[in-house]
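S.K.: Can you keep this structure in mind? I'll have questions shortly.
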Amino acid sequence: MRDNALPSIPWQVTGNHWVALPCVHPVDGSVHALGVLHRGARAAVEFAGSADFQSGQGAALARPVFRVDGTPLELARGGIAWERAFHWLPTFTAQADGLIVRGTIFAPFGLDADIAGVVYALAVENRGSVSRQVSLSFEGVLGHRQVRVRSARPVEDASRVTAAEGGVVVLDGSGAPGLAALAIGSDEAGTVAVHDGAEPGYVLERQFTVEPG
């Protein structure tokens, strides 16, 4: 695909002056690519689930996965309704199996935003009459990294995914010094599992109970 070709997917897009999320999938809310400006490289450093991330066909960089009472819950089962708050923040609402899931993706900006970062906020509402055991995880693959000025150029070192203290996953390259690293964590510590290989990946999971009402 040429860099100037129109995408085949109506991606949700957001970001700020440091970081860009150009590929949030409208079907399941998965993030397929993230880019961050790097002054030393004089370019944007981009992380993606696959080299073909623009098509949406490859693995996601970060995908929210729900399991309710041990059963997988597909957000797209009942359809996802997207809106944009303040013309900038992608928000969605999905309903399935008596639960309502709301999500908001935003990159804070302003004088205090000295570190490039993104928040993916998720809330679960139980419209049923009994408690539900919910497992929420972010699962993804670091299948591709590249730098971009006007056109993209893949990096030469191998990608890696490591688990850090506090239930944090770090995505970066094996070369030193590295240009940039991407850390993924949750507001409360969860369990982390990582796997190596040509396309290293991770699972960051939290479990909680959602009471009715």
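S.K.: Between ALA123, ALA116, which is touching a residue at least 60 places away in the same chain (Cβ under 8 Å) and either outside any loop (DSSP other than H, G, I, E, B) or not charged (D, E, K, R) (or both)?
M.R.: Criteria check complete, one pass: ALA116.
S.K.: Scan the stretch 69-86 and give yes if some residue there is under 18 Å from GLU205 (Cβ atoms), crowded, with 17+ Cβ neighbours inside 10 Å and free of Cβ contacts under 8 Å to residues at least 40 places away in the same chain, otherwise no.
M.R.: Yes, that holds for at least one residue.
S.K.: Being surrounded by fewer than 17 Cβ atoms within 10 Å (Cβ to Cβ), among the hydrophobic types (A, V, I, L, M, F, W, C) and under 21 Å from THR191 (Cβ atoms) is the filter here, so list the residues in the stretch 157-169 that pass it.
M.R.: Correct list: ALA163, ALA164, VAL168.
S.K.: Which residues, counting only those in the stretch 29-68, are surrounded by fewer than 17 Cβ atoms within 10 Å (Cβ to Cβ) and closer than 30 Å to THR209 by Cβ?
M.R.: ARG67, the sole residue that qualifies.
S.K.: Just a yes or no: is a residue in the stretch 42-54 without any contact (Cβ under 8 Å) to a residue 24 or more places away in the chain and either of a type outside the set (Asp, Glu) or farther than 22 Å from LEU142 by Cα (or both)?
M.R.: No: zero hits.
S.K.: So how many residues does the stretch 5-53 have that are assigned to a loop (DSSP other than H, G, I, E, B), of a type in the set (S, T, N, Q) and more than 11 Å from the chain's Cα centre (by Cα)?
M.R.: Of the residues in that region, 3 qualify.
S.K.: Moving on to the next point. Do we have any residue at all in the stretch 121-142 that's over 21 Å from ASP69 (Cα atoms), surrounded by fewer than 19 Cβ atoms within 10 Å (Cβ to Cβ) and under 15 Å from the mean Cα position of the chain (by Cα)?
M.R.: Yes; the residues of the stretch 121-142 include at least one that is over 21 Å from ASP69 (Cα atoms), surrounded by fewer than 19 Cβ atoms within 10 Å (Cβ to Cβ) and under 15 Å from the mean Cα position of the chain (by Cα).
Each value in this text was obtained by applying a stated rule to the coordinates, not by laboratory testing. From a predicted model like this one, the values you see are computed outputs, not experimental measurements. No Cβ is skipped: glycine too gets one built from the backbone with ideal geometry, and neighbour counts run over all protein chains shown.
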